[in-house]
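In what follows, a structure is listed as structure tokens, so that the remarks can point back to it.
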Amino acid sequence: MNKKSIYLKVFRYDPSTDYAPTYKNYEIQWREGLLLLKALKDIRDNFDETLAFRDFCCGCSWCMSCLMMVNGKAIRACSRLLKAGESLLIEPLKGKPVIKDLVVDYGIKMTTPQGTFKKMEGILVKKV
Ligand code: FES
């Protein structure tokens, strides 16, 4: 295990084509200040363009669109700082239907009439 790497085991599932969910392992280079959401973006941009997750919306732990399960706990991926050498299990938010991979159906309209992203209500966190 390389201390300068991060190991992510990521839930993969497309209900429209897959019989069952699988997990895919990714090893990425650690760097100071790397956030989980940025790491997922690096994977998508450099290794696997099929990986689906909600990309940065607010990017500052406000809107809650990036909620996902990390080692079994619901966290905001945009504020989860990664440590060198750690291994994480990344899964979609519990209790919500999976649209694809880490994208779940929150069951609410997530944008304002002007098209900007709005903050979700706290009920999402209470249900997980
Ligand atoms: S993108 Fe993470 S809370 Fe908004």
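Summary table
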| read-out | value |
| --- | --- |
| Complete set of residues in segment 89-122 that are surrounded by fewer than 17 Cβ atoms within 10 Å (Cβ to Cβ), at pLDDT 85 or above and touching a strand residue (DSSP E or B) at 6+ places or on another chain (Cβ under 8 Å) | 89, 94, 96, 97, 105 |
| Tabulated pairs, segment 23-44, first of a type in the set (D, E, K, R), second buried (at least 16 other Cβ atoms within 10 Å of the Cβ) and in a loop (DSSP other than H, G, I, E, B), C-beta under 6 angstrom, 6+ apart or interchain | 44/51 |
| Search result, residues across segment 58-82 that are over 15 Å from residue 9 (Cα atoms), more than 12 Å from the chain's Cα centre (by Cα) and either among the charged types (D, E, K, R) or buried (at least 18 other Cβ atoms within 10 Å of the Cβ) (or both) | 63 |
| Qualifying strands (runs of 3 or more DSSP E) (wholly inside segment 1-86; at least 1 residues being touching a helix residue (DSSP H, G or I) at 6+ places or on another chain (Cβ under 9 Å) and within 13 Å of the ligand (Cβ to nearest atom)) | 67-70, 73-76 |
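The values are calculated or read from the model by the stated rules, or taken from the named source; none is laboratory data. Since the model is a prediction, treat every value here as computed from it, not as a measurement. Because the Cβ atoms are built from the backbone with ideal geometry, glycine has one as well, and the counts that use them run over all protein chains shown.
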